1. Mind checking the angle between helix 293-303 and the chain's longest principal axis? C-alpha axes, 0 to 90 degrees, to the nearest 10.
2. Binning at 5 Å from 0, report for the range 149-244 what percent of all alpha-carbon pair distances ends up in each bin.
3. Loop only per DSSP, at most 15 neighbouring Cβ atoms within 10 Å: give me the GluC sites (Glu not before Pro) in the range 78-143, ordered by residue number.
4. Apply the Karplus curve 6.51 cos²θ - 1.76 cosθ + 1.60, θ = phi - 60°, to the phi angles in the range 162-170 and return the couplings in whole Hz, x for Gly and Pro.
5. Which one is right for this structure if Cα extents along the principal axes in Å is calculated from it: (1) 64, 47, 36; (2) 61, 42, 39; (3) 57, 48, 38?
6. Go ahead and estimate [θ] at 222 nm for the chain from helices alone: -39,500 (n - 2.57) per DSSP H run with n ≥ 4, summed, over the residue count, rounded to 500.
7. Can you tell me the accessible area per residue over the chain, all protein chains present, probe 1.4 angstrom, in square angstrom?
8. Going down the table (K74/K124; K60/K307; K60/K297), which pairs top 19 Å between alpha carbons?
Amino acid sequence: MQSVRSAHIRAFVAAAVGLGLVTLSACGSSSSDDSGSGGGSKTVTLVSHGSFAYSKDVLKAFEKESGYQVKVLKSGDAGQAVNQAILTKDNPQGDVFFGVDNTLLSRALDNGLFQPYEAKGLDKVGAEYQLDKDEHRVTPIDSGDICVNYDKAYFEKKNIEPPRSFDDLVKPAYKDLLVTENASTSSPGLGFVLGTAAKYGDSGWQGYWEKLKANGVKVVDGWEQAYYQEFSGSTDGKKAGGDRPLVVSYASSPPAEVVFADPRPKTAPTGVAEGTCFRQIEFAGLLSNARNAEGGKALIDFLISKKFQEDMPLNMFVYPVVEGTSVPAEFTEYGPAAKDPETMAPAKIAENRDQWVKSWTSLVLK
């Protein structure tokens, strides 16, 4: 099942394994002008976290149409990639950055990471995704929901109703069943904490986590460990002897369990507790000191084109943001987007994120 593992890892925000420096890896096409972006270069460079994925024929079509050759540099999880981009903003490693989400957006904007650009086709992107609509420093590309997933077989065998909400997770029936990720080292872990803050407010979220801790929540460093080793509902988790039937993952995890299984099951082996979801939006931006700004603009336009938006779901297991984009049947059948996810304004996240993570660490890990 190594192919399942690699595809699934690529599909989701890569699990963070620390906050140190990371090595960039390059992929994609390269032109005869291999000196990088700059001047009249026909190479445009996209910097991203490790889970950026695409169909080769779709990217080739953009290259043929635009005349630009695309180089992709990947650098770990979203938090690591954003930090790396900020550290190198005066001499950036590329022209476009993809993968900053609403939990980290204010950090990137406050550090002047991007220059304004209003992408062609932005009028077709849902207004709810345009969190920088006045200045256009970033362009929404995709969305996804961080949610608790459950192992259907476990709850059927135990004759217990799976949890549906945050409130359910602290009930005795679900004691010692949930595994989540460290909010200080994991994007889904942070998103789950923000979801509880949005649900219970500034004065209530810590009390909720006290109850969750008392109910036996287990915390691991990152998503890969939680999903592939601890969670009993995933294919790899079963092989690893995972004994936690609840995991913080994504609303699109059940479709992935179906798509990458061989043979495909008729129904997804996992489900989503829809009352535990937090909406995540990913953006791309033209880097402030991009050497090939025109190529970068063309690439951003491509990222919200119909061709790329329709290609995304089964490559990155995220949802398109352009209105009218068709979504694969696997998504609508096995993993529809949450109807009423928790959300939070980027400004509020910026104001509280660091202190909330410190408080959460002290409360839950010590």
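1. The angle comes out near 40 degrees.
2. Going from the shortest bin to the longest, the percentages are 3, 14, 21, 25, 22, 11, 4, 1, 0.
3. Numbers: sites: E118, E128, E135; in loops: E118, E135.
Sites meeting the loop and neighbour criteria: E118, E135.
4. So the J values, rounded to whole Hz, are x, x, 10, 9, 4, 4, 4, 5, 9.
5. Of the listed options (1) 64, 47, 36; (2) 61, 42, 39; (3) 57, 48, 38, (1) comes from this structure.
6. Numbers: 15 runs with 127 residues, N = 366.
It lands at -9500 deg cm²/dmol.
7. So the chain comes to 41 Å² accessible per residue, rounded to a whole number.
8. Details: K74/K124 28 Å; K60/K307 12 Å; K60/K297 17 Å.
The pairs that break the limit, which is 19 Å between Cα atoms, are K74/K124.
The values are calculated or read from the model by the stated rules, or taken from the named source; none is laboratory data. None of the values given here were measured: they were computed from a predicted structure. Cβ: placed from backbone, ideal geometry, glycine included. Neighbour counts: every protein chain shown. Please note that ligands, DNA and RNA were not included when accessible areas were found on the heavy atoms of the full protein model with its side chains. Shrake-Rupley method; radii C 1.70, N 1.55, O 1.52, S 1.80 Å.
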